[in-house]
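The values are calculated or read from the model by the stated rules, or taken from the named source; none is laboratory data. What you are looking at is a predicted structure, and each value in this text was computed from that prediction instead of being measured. Don't worry about glycine lacking a Cβ; one is built from the backbone with ideal geometry, like all the others, and counts go over all protein chains shown.
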Amino acid sequence: MVNDEDLLLAVLNSAPVVAGRPTDELSGAAGKELAARYGGTGSPAELAQLRRMRECLQDAVRESKDALSRLSTALGDGVLVPRVTPQGLRWEVRAPEDERLAFRTAIAWSRVLHELPGRLRACANNECNLFLIDRSRPGTAKWCSMAVCGNRMKARTHAGRQRAAADRP
């Protein structure tokens, strides 16, 4: 079974900045593939709903002003319905087909907020548009990738210190 935290990060991180330019991985074949990977249809309406949810959730993680009211609107008429199984209750999403994947993404966001408070955050590199769930013990992860953004930011800090030292008399 696909982990909905993976779905959440896939949706949040589907608008990366590549070579300084914003991209959108929720369009065309890439969008259809992402939706299919998580049980969606990849229809134009579903991808549009995922883009809308991505924007709302990115703003919510960044604590933008009206993000939560926009998120509430984006959820539409979806509901969770309990189904009794031999293993206990199983919660099923009931929403129009093109809205289910976006609804599941929002549920995953909520679950991460409750189970890992303060651990879902935007990358500390302002030029990056990616997000991370910090699973480190101290909870101090800053970058989406230590190999990319972490290294880049540390190199900039080091270069800045070197310039400052060279400017001193």
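For region 108-135, which positions are surrounded by 10 or more Cβ atoms within 10 Å (Cβ to Cβ) and among the polar types (S, T, N, Q)?
Listed by number, the residues that qualify are 110, 125, 129.
Quick one: count up the residues across region 9-33 that are in a helix (DSSP H, G or I) and either farther than 18 Å from residue 132 by Cβ or not hydrophobic (A, V, I, L, M, F, W, C) (or both). So that I can check it myself, show each step before the final result.
Applying the first criterion (in a helix (DSSP H, G or I)) to region 9-33 yields 9-12, 28-33.
When the remaining residues are screened for being either farther than 18 Å from residue 132 by Cβ or not hydrophobic (A, V, I, L, M, F, W, C) (or both), the result is 28-33.
Number satisfying all stated conditions: 6.
What helices (runs of 4 or more DSSP H) completely inside region 34-140 contain at least 3 residues that are under 18 Å from residue 10 (Cα atoms), of a type in the set (Asp, Glu) and modelled with pLDDT of 90 or more?
Details: elements: 44-61, 67-74, 97-115.
Passing ranges, in order: 44-61.
Which residues, counting only those in region 70-83, are without any contact (Cβ under 8 Å) to a residue 12 or more places away in the chain and either surrounded by 12 or more Cβ atoms within 10 Å (Cβ to Cβ) or within 18 Å of the chain's Cα centre (by Cα) (or both)?
The initial filter retains those residues of region 70-83 that are without any contact (Cβ under 8 Å) to a residue 12 or more places away in the chain, namely 72-73, 82-83.
Passing the criteria: only 72.
So in region 2-16, with the set limited to residues that are touching a residue at least 60 places away in the same chain (Cβ under 8 Å) and either of a type outside the set (A, V, I, L, M, F, W, C) or in contact with a Lys or Arg (Cβ under 8 Å, 6 or more places away or on another chain) (or both), which one is surrounded by the most Cβ atoms within 10 Å (Cβ to Cβ)?
Residues of region 2-16 that are touching a residue at least 60 places away in the same chain (Cβ under 8 Å), as a first pass: 4-5, 7-9, 11-13, 15-16.
This time we only want the ones that are either of a type outside the set (A, V, I, L, M, F, W, C) or in contact with a Lys or Arg (Cβ under 8 Å, 6 or more places away or on another chain) (or both), so: 4-5, 7, 11-13, 15-16.
Working: 4: 16, 5: 17, 7: 24, 11: 28, 12: 24, 13: 18, 15: 17, 16: 14.
That would be 11.
Suppose the filter is among the aromatic types (Phe, Trp, Tyr), touching a residue at least 12 places away in the same chain (Cβ under 8 Å), assigned to a loop (DSSP other than H, G, I, E, B) and buried (at least 18 other Cβ atoms within 10 Å of the Cβ); does residue 143 pass it?
Details: among the aromatic types (Phe, Trp, Tyr): yes; touching a residue at least 12 places away in the same chain (Cβ under 8 Å): yes; assigned to a loop (DSSP other than H, G, I, E, B): yes; buried (at least 18 other Cβ atoms within 10 Å of the Cβ): yes.
So residue 143 fits the description; yes.
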